2 protein chains.
Amino acid sequence: MARNIAIKVARAEKDMTQKALAEAVGVSRQTINAIEQGEYNPTIKLCRAICRVLGKSLDDLFWEEECEENF
Amino acid sequence: MARNIAIKVARAEKDMTQKALAEAVGVSRQTINAIEQGEYNPTIKLCRAICRVLGKSLDDLFWEEECEENF
DNA sequence: TCTAAATGTCAAGTATATATTACTTTTATT
DNA sequence: AATAAAAGTAATATATACTTGACATTTAGA
């Protein structure tokens, strides 16, 4: 999976730490970190929660154009 | 989880069966059925694959306003 | 520079997304 | 009505999202 810079940026815009975002959406800090690092593939429910907290859309934070690594 | 009517509609627009969509995105037919029935919570990667095949955005197919059942 | 907070990472465990097989029910066609 | 395809559903198995706890590294403020 690709690293997710968009979440990091949106977090910065809201001045939230990984820990604060994790608490706001109800997952562990490591989960947020792993998502930003592209280490796993969150569920849509968690994606939606992150979007709500950060005030962004799914397309803003989780869309990716396809590239080799998706194959 | 809420039933996902949007996928069903988008599938109808493309005249695709659950089986055809499943094959196009590389999962089992039961997985597509369960997602449409709201029985589980797909990963973002699968959501993206479904969007690409159906020519829709994540926001088109997977956004949900929050309601009691999300709590 | 010292310190603390924030971030990155690892290992082991648990919960759940997804697969597979198989069966029933619904919908569409003849 | 008879048939077949499509959709719904259930049980068991496996892969992986996510947790917890712990530690290392980076970043920011005093």
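Per-structure values
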| quantity | calculated |
| --- | --- |
| Residues that are within 10 Å of the chain's Cα centre (by Cα), closer than 25 Å to B:R3 by Cβ and in a helix (DSSP H, G or I), drawn from segment A:18-50 | A:L46, A:C47, A:R48, A:A49, A:I50 |
| Filter result for B:K45 (at pLDDT 95 or above, near DNA strand D (Cβ under 9 Å from one of its atoms) and facing chain A (nearest Cβ under 8 Å)) | yes |
| Test: residue in segment A:19-35 that is out of contact with any strand residue (DSSP E or B) (no Cβ under 7 Å at 6 or more places or on another chain), in contact (Cβ under 8 Å) with a residue 40 or more places away in the chain and either more than 8 Å from chain B (Cβ to nearest Cβ) or surrounded by 14 or more Cβ atoms within 10 Å (Cβ to Cβ) (or both) | no |
| Test: residue in segment B:12-19 that is out of contact with any Cys (no Cβ under 7 Å at 6 or more places or on another chain) and within 8 Å of DNA strand C (Cβ to nearest atom) | no |
| Any chance A:I5 is more than 12 Å from chain B (Cβ to nearest Cβ) and within 14 Å of DNA strand D (Cβ to nearest atom) | no |
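The values are calculated or read from the model by the stated rules, or taken from the named source; none is laboratory data. Every value quoted in this text rests on a predicted model; they were computed, and no experiment measured them. Cβ: placed from backbone, ideal geometry, glycine included. Neighbour counts: every protein chain shown.
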